[in-house]
Amino acid sequence: MAIEFTSPLFAGALAVLFLGERMNRGRVAAFVLGFLGILVIVRPGIADVGEGVILMLICALFFGATGATTKWLTRRESALAITFYMVLMQAALGAVAALFVWQPIHLDQAPWLILMAVTGLSAHYCLTSALAAADATFIMPLDFLRLPVMALAGFLLYSEAFQLWTLLGAAIITGLL
């Protein structure tokens, strides 16, 4: 899962290459700390690097490309329009995929589905609004913070034990080390 958090690196590189954004020392530091923290958590060379890891890196590249593309779109479109078209595309693609596994929704699942829809839409709208207001090289490194937050949520909600490498990587990502 931690490999997915390389997507801000890809988004930043693409924003510099294709959108003409500039990197300053603070932004470089954020990218370096994020990358080092992920390396500590993933520990390449110690953990097996197989097809799954490579596939996850490819997915992270495309996720990073969506951040850079979203930034590019904010030059011409509003955050609401971008979010609307994203939902439209995801609904169409999701409907095709759901044809093969669809099961009726039970009434007790409705509140959770609504909560997921509202929080997901809010997150996409907020990210798009942030990218409209600032450079992708400034906004995307903030995505690194999701990893320690998710580890904390796993601990608080599911009693998942912290691993030493996760704690150390999270400390590096947040700049505590």
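The values are calculated or read from the model by the stated rules, or taken from the named source; none is laboratory data. Remember, it's a predicted structure, so these values are computed and weren't measured experimentally. Cβ atoms come from the backbone with ideal geometry, glycine included; neighbour counts cover every protein chain shown. Quick note on the areas: whole protein, heavy atoms, side chains included, nothing else; ligands and nucleic acids left out. Shrake-Rupley method; radii C 1.70, N 1.55, O 1.52, S 1.80 Å.
Got at least one residue in region 66-86 being farther than 20 Å from V42 by Cβ, of a type outside the set (D, E, K, R) and touching a Pro at 6+ places or on another chain (Cβ under 9 Å)?
So far as region 66-86 goes, yes, one or more of its residues are farther than 20 Å from V42 by Cβ, of a type outside the set (D, E, K, R) and touching a Pro at 6+ places or on another chain (Cβ under 9 Å).
Residue pairs, Cβ under 7 Å, 6 or more apart or interchain, first in region 27-47 and basic (K, R), second open to solvent by 50 Å² or more (accessible area, probe 1.4 Å). List them.
Filtered contacts from region 27-47: R27/F138; R43/W165.
How many residues are over 19 Å from E4 (Cβ atoms), not polar (S, T, N, Q) and not in a helix (DSSP H, G or I) if we restrict to region 116-161?
3
Report, by residue number, each residue of region 59-79 that is open to solvent by 80 Å² or more (accessible area, probe 1.4 Å) and either among the hydroxyl-bearing types (S, T, Y) or under 15 Å from T6 (Cα atoms) (or both).
F62, F63
Does P111 meet the test of being within 14 Å of the chain's Cα centre (by Cα) and more than 29 Å from F18 (Cβ to Cβ)?
So P111 fails the test.
Specify which of the listed residues (A170, A151, A110, A130) is at pLDDT 90 or above and surrounded by 11 or more Cβ atoms within 10 Å (Cβ to Cβ).
A130
Within region 83-95, identify whether any single residue is in a helix (DSSP H, G or I), more than 20 Å from the chain's Cα centre (by Cα) and either over 30 Å from T137 (Cβ atoms) or among the acidic types (D, E) (or both), and answer yes or no.
The answer is yes, given that some residue of region 83-95 is in a helix (DSSP H, G or I), more than 20 Å from the chain's Cα centre (by Cα) and either over 30 Å from T137 (Cβ atoms) or among the acidic types (D, E) (or both).
Filter region 27-58 down to the residues that are assigned to a loop (DSSP other than H, G, I, E, B) and open to solvent by 50 Å² or more (accessible area, probe 1.4 Å) and list them by number.
First, pick out the residues of region 27-58 that are assigned to a loop (DSSP other than H, G, I, E, B): 43, 45-46, 48-50.
Once the filter is applied, which keeps residues that are assigned to a loop (DSSP other than H, G, I, E, B) and open to solvent by 50 Å² or more (accessible area, probe 1.4 Å), region 27-58 yields R43, G45, I46, D48, V49.
Report yes if L17 is at pLDDT 85 or above, farther than 18 Å from T174 by Cβ and open to solvent by 60 Å² or more (accessible area, probe 1.4 Å), otherwise no.
When the stated conditions are applied, L17 passes them.
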